[in-house]
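Reading through the structure tokens given below for one structure.
The values are calculated or read from the model by the stated rules, or taken from the named source; none is laboratory data. Everything quoted here is computed from the prediction, not taken from an experiment. Cβ coordinates were reconstructed from backbone atoms using ideal geometry, including for glycine residues, and neighbour counts include every protein chain displayed.
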Amino acid sequence: DTLVNQIKAGEVVERPAAVVKELVENALDAGATRIEVEAEQGGLGLLRIRDNGHGIARDELLLALQRHATSKILSLEDLEGVCSLGFRGEALPSILSVSRLSLTSRRVDEDHAWRVHGDGDVMVQTPEPAALAGGTVVEVRDLFYNTPARRKFLKSDGTEFRHVDQALRRLALARREVAFSWSHNGKRVLDLRPLDVLGNGEERVREVCGPDFIANALHVDEERVGLRLHGWLGLPAFSRSQPDLQYLYVNGRAVRDRLLAGALRRAFADVMHSTRYPAFVLYLDIDPRGVDVNVHPQKTEVRFRDAARVHEMLFGVVHRALRDVRP
Ligand code: ADP
Ligand code: MG
């Protein structure tokens, strides 16, 4: 039902950056090791996401565009143990309902690729043969063409692309073993080569956050029972000039958690007598049983079973690291 889809779409896709996040997460779920994103006009004219993942079988293409047809949550245990990024089966149908979308995919066992496409909720009913070496290409054109009210809320192409770029940087920092590249209006923005997961990922951080960040950051890496925190903390002089450089991952998933952010800010303020928010790229790894993933479409909030312990560790590590360099 078109209206229901468009309303649901408002929760999942509020702007081009949200589309990019959902589609890149699908590519990652499909085991892609190379993901390319092309955007035109801030992503409103075109978003094309190409991956080398396992692809979608011909008979599953139409299902992938149908609401809840693919939800992977079968029970409460599934919900608790959820580890893949997509688990709602809502992104593709939601995006389709507010754009002109085409989905082309080829599994390794097929002779050629298959393609389905649609405008809003009007879909072709049979997959058509298509050409593609492997993996999946999703093309989203004319985003929000049929929902003028939403389109009015969007900013300039430049601003929308900045959000797209920010979303991609966030994803690229989460998965250094995956090659990412993206462009805007035909101009290459970043081209990131895949890194060894066993390394500390410094090269990815340098490319995504800039060499100045690494040169002006403290590397931290500490472990407690069931907890590990590693990453980079920008020194105050640098942090002051970087209001947006804040990347926090819990078990590889980007989160924006007010309590964790508060612990970081307090540690920073306490040592530096600065109310400035620090720049940071931090990875917190914790036993999955100790953390709840919020099922909100944006999926950026987390709940810890033992929040006090997590905050204490975060505060402690950051506090100690900064205290040692206090001017
Ligand atoms: P969800 O990711 O929540 O399952 P989506 O609407 O995002 O729902 O995607 C629907 C389904 O389509 C996925 O479950 C997956 O099976 C398939 N799919 C989507 N994108 C890709 C992709 N890039 N590669 C392989 N399969 C995909
Ligand atoms: Mg998904």
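Just one of the listed residues (199, 186, 234, 210) is surrounded by 13 or more Cβ atoms within 10 Å (Cβ to Cβ) and more than 20 Å from the chain's Cα centre (by Cα), namely 234.
Counting only helices (runs of 4 or more DSSP H) that sit wholly inside region 170-241, those with at least 3 residues that are touching a strand residue (DSSP E or B) at 6+ places or on another chain (Cβ under 9 Å) and not hydrophobic (A, V, I, L, M, F, W, C) are 202-209. When the residues of region 86-109 are filtered to those that are modelled with pLDDT under 95 and farther than 21 Å from residue 143 by Cβ, which remaining residue is nearest to ligand 1 (Cβ to nearest atom)? Once the filter is applied, the top-ranked residue is 87. Is there a residue being modelled with pLDDT of 80 or more and assigned to a strand (DSSP E or B) anywhere in region 269-279? Checked region 269-279: no residue is modelled with pLDDT of 80 or more and assigned to a strand (DSSP E or B). For region 304-327, taking the residues that are among the acidic types (Asp, Glu) and outside any helix (DSSP H, G or I), the one that is farthest from residue 227 (Cα to Cα) is identified as 324.
Among the residues of region 117-130, not one is at pLDDT 95 or above, surrounded by fewer than 18 Cβ atoms within 10 Å (Cβ to Cβ) and touching a helix residue (DSSP H, G or I) at 6+ places or on another chain (Cβ under 8 Å).
Of the helices (runs of 4 or more DSSP H) that lie entirely inside region 1-82, those containing 3 or more residues that are under 18 Å from residue 116 (Cβ atoms), aliphatic (A, V, I, L, M) and at pLDDT 95 or above span 16-29. Considering region 309-327, and only residues there that are among the hydrophobic types (A, V, I, L, M, F, W, C), over 15 Å from residue 285 (Cβ atoms) and within 27 Å of the chain's Cα centre (by Cα), the residue that is modelled with the lowest pLDDT turns out to be 318. Residue under question is residue 29, and the condition is that it be farther than 13 Å from residue 168 by Cα and near ligand 1 (Cβ under 7 Å from one of its atoms); does it hold? The answer is yes for residue 29. Looking only at residues in region 131-141 that are away from ligand 2 (no atom under 16 Å from the Cβ) and over 11 Å from residue 95 (Cα atoms), the one that is surrounded by the most Cβ atoms within 10 Å (Cβ to Cβ) is 132.
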